[in-house]
Structure formats: structure tokens, C-alpha cells
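Notes for the one structure printed next.
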Amino acid sequence: MARTLVTPIQKRFSDIDPFVHVNNVAQQSYFDVGKSDFYERILGPGVLTGDLRVVTVSTSTSFIGQVRMHDDVRVTTCCERVGDKSMTLFQQLVVDGEVRTESRSVLVAFDFAAQESRRVPDAWREKLLAE
């Protein structure tokens, strides 16, 4: 598996439910923070603003344990697979070395001018799979 990036998460008051847990919607937004960090650091800033971008087409999340208000949360992100037109990111919310939530997202390379998916560029593929 390719390199794993770790992104610290700053929780907001609005992330917390009446049971002093981080709600599931907020946890999904933490994965989005990890994805943005991953794209910027691995693929470069243009991947979110250029003509050819990554677009999420599917997400699956498993809630394994509770994330609480005072937990020090980190999201790990790695590229699990690169296909012809798609890639799969695997992410985990980790508290004190323990996985609390996992998510897999399938993304495609998308040409916004043509409004269609494209082959994952070789330059992206090399960066995504680098150790």
C-alpha cells in the first residue's frame, strides 16, 4: 500500500451531539479534510481547481467506536488502489492509536470542460502509488 498521510483534526463545538460525541456527519467532514490535505500534498493544488480534477463518486463508512469531545483525533489517508479511470482512498479516524471510524471513497479523474471522466494521468498514478 502507498504512503499514509496523517492529518490532525480540530473539532468544532457544533460537531458535538448531546451525548458529548462527535456526530457522524462531522466525522464524514473530517474525512473530507483528510482528502483535501492528501490531494494538496500528494497530487498538488491544481487537482481541486484545474480542468482535470478528482470527484468522489462513492463513499462507504463504518463506525467502529465512539469519538468524544475531548479526543485527539487524526485522520489517516492512503491510496488503496488506482484503476484506469478511478482510484480508491482508504481513511481512518484514529484516537490514541485506536481506529474509531473507517471510510473508503472511490474517486474519478473528471474533465470539467468536457463533463466526462478521463483516464487517471500517469503523473497522478506515480504519485498516488509512491511508497
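Values in this text are rule-based calculations from the coordinates and carry no lab data. Computed from a predicted structure; not experimentally measured. For neighbour counting, all protein chains shown are included, and Cβ atoms are generated from backbone atoms with ideal geometry for every residue, glycine included.
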Exposed chymotrypsin sites (Phe, Trp or Tyr not before Pro) absent: longest stretch of the chain, with sites in DSSP loops and at most 14 other Cβ within 10 Å deemed exposed: 20-111
Length gained when the stretch residue 51-residue 115 is fully extended (0.36 nm per residue, less Cα-Cα span): 22.0 nm
Full-stretch length increase - residue 29, residue 70 - with 0.36 nm per residue and alpha-carbon distance subtracted: 13.0 nm
Added length on full extension, which subtracts the Cα-Cα distance from 0.36 nm per residue, residue 13 to residue 99: 28.7 nm
Trypsin sites (Lys or Arg not before Pro) restricted to segment 4-111 and DSSP loop, no more than 11 other C-beta within 10 Å: 12
GNM result for the chain, Cα springs below 10 Å: residue of 20, 99, 54 fluctuating most strongly: 20
Column: log10 I(q)/I(0), Debye, Cα scatterers of segment 1-94, q = 0.12, 0.15, 0.16 Å⁻¹: -0.41, -0.63, -0.70
Proximal lysines to residue 85, defined as alpha-carbon separation beneath 20 angstrom and excluding residues fewer than eight positions away on the same chain: 35, 127
Semi-axis lengths, Å, segment 73-131, gyration tensor of Cα atoms, sqrt of 5 times eigenvalues: 27, 13, 8
Amide H contacts under 5 Å for residue 67, placed H, 5+ residues apart: 22
